[in-house]
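Novice: Structure incoming, see below.
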Amino acid sequence: MKLRYRITTRIVNFVWHLFFGFRVYNRENIPDRGGIIVASNHLTNYDPPLIGTAVWKREVFFFAKEELFVINPFYTWLLKYFNAFKVSRTGIDKKAIRHTEQLLRRGLCVIMFPEGTRSRKGVFLDFKSGVGYIAARANVPVIPAYLHGVNSPLILQFLRRVRPLVIFGEPVRPDMFAGRIRERADTISHEVMRSIKALSQDTRYR
């Protein structure tokens, strides 16, 4: 893990805990090493650094739609600082898929949002099969993550004392399922979706 990344995540973690009462559950489900995908529901633009902070002991990389890289130079720098890489949302971005697989085979952690876009009302959108496809091709586990309490502007969250939380589920491993890659892709994605929805209904963490 790069020193600048370690320092930044410690600062972000401190701010989230101090001002927003940020909570993380089941962090022990994150392996210390080896390529992994963390798959989460998607609520806001600051989900990636928040989940990255929740992962804590691993440096994370994540997709960001290519339109975000042309907003302004500072925002582009910020995205790259937090290890974002471009993905096109028109069709299948083979370049982004190959880059993701390379990161995973190097033993790194990649955050993915199977819904493909933000759910502004916090309701689950349809999950795409890309997570399962990449996990099957790279042969890495997927860690389901449920994110809650961050679907409002930060200042409103602070004033309302809304406490965000991240809950990690049990790993979903490609070798748990039989079949060819494309067959397993759908099965893995379905199991990840089922796990995230189950975490959202678990009242032990509220």
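Only the coordinates and a few stated rules stand behind these numbers; no lab work does. These numbers were taken from a predicted model, which means no experiment stands behind them. In this analysis, Cβ positions are derived from the backbone assuming ideal geometry, glycine residues included, and neighbour counts consider all displayed protein chains.
Novice: Calculate the FRET efficiency for TRP77 and SER200 from the Cβ-Cβ distance with a Förster distance of 35 Å, rounded to the nearest 0.05.
Specialist: Here the calculated transfer efficiency is 0.55.
Novice: Under unit Cβ charges (Lys, Arg +1; Asp, Glu -1), what dipole magnitude, rounded to 20 debye, does the stretch 9-59 have relative to its Cα centre?
Specialist: 120
Novice: For the peptides 137-145, 190-198, what is the packing order when you average, over each peptide's residues, the other Cβ atoms within 10 Å and list the highest mean first?
Specialist: Packing order, densest peptide first, comes out as 137-145, 190-198.
Novice: Which residue, VAL70, LEU125, VAL55, has the largest displacement toward the positive end of the dipole of the stretch 51-129 when charges sit on each Cβ (Lys, Arg +1; Asp, Glu -1)?
Specialist: So the residue furthest toward the plus end is VAL55.
Novice: If you count the DSSP beta bridges with both ends in the stretch 3-205, what percent of them are antiparallel, to the nearest 5?
Specialist: If I count the DSSP bridges inside the stretch 3-205, around 20 percent turn out antiparallel.
Novice: Here's a follow-up. Positive end of the dipole of the stretch 3-205, charges at C-beta (+1 Lys, Arg; -1 Asp, Glu), about the Cα centre: which of GLY34, ILE11, PHE85 has its Cα farthest in that direction?
Specialist: After comparing all options, I get ILE11.
Novice: Determine, for each peptide in 38-49, 92-103, the mean count of other beta carbons within 10 angstrom over its residues, then list the peptides with the highest first.
Specialist: 38-49, 92-103
Novice: Is there a quick way to get the dipole size of the stretch 3-205? I mean about its Cα centre, with the Cβ of Lys and Arg at +1 and of Asp and Glu at -1; what is the value in debye to the nearest 20?
Specialist: Values: 32 positive and 16 negative charges, 73 e Å.
Charge dipole of the stretch 3-205: 340 debye, to the nearest 20.
Novice: Would you list the membrane-span-like helices of the chain, meaning whole DSSP H runs whose alpha-carbon atoms span at least 18 Å along their axis and whose mean Kyte-Doolittle value is at least -0.5?
Specialist: 3-20, 181-200
Novice: Here's something else I'd like to know. Add -39500 (n - 2.57) for each DSSP H run of 4 or more in the chain, then divide by its residues: what number comes out at 222 nm, to the nearest 500 deg cm²/dmol?
Specialist: -12500 deg cm²/dmol
Novice: Oh, and also: Given Cα positions, please report Rg to Rh for the chain, the hydrodynamic radius being the Kirkwood one.
Specialist: Values: Rg = 16.2 Å, Rh = 17.3 Å.
Rounded to two decimals, Rg/Rh equals 0.94.
Novice: OK, next. In nanometres, what is the gap between the two model label sites at LYS65 and ILE92, each 7 Å from Cα along Cα-to-Cβ?
Specialist: Here the answer is 2.2 nm between the modelled labels.
Novice: Separate question: Among the listed pairs LYS57/LYS121; LYS2/LYS86; LYS2/LYS128, give every one whose C-alpha distance is greater than 23 Å.
Specialist: In this structure, LYS57/LYS121; LYS2/LYS128 exceed 23 Å between Cα atoms.
Novice: On to the next question. So for the chain, averaging the separation of alpha carbon pairs under 8 Å that are six or more residues apart and normalising by length, what relative contact order in percent results?
Specialist: 28
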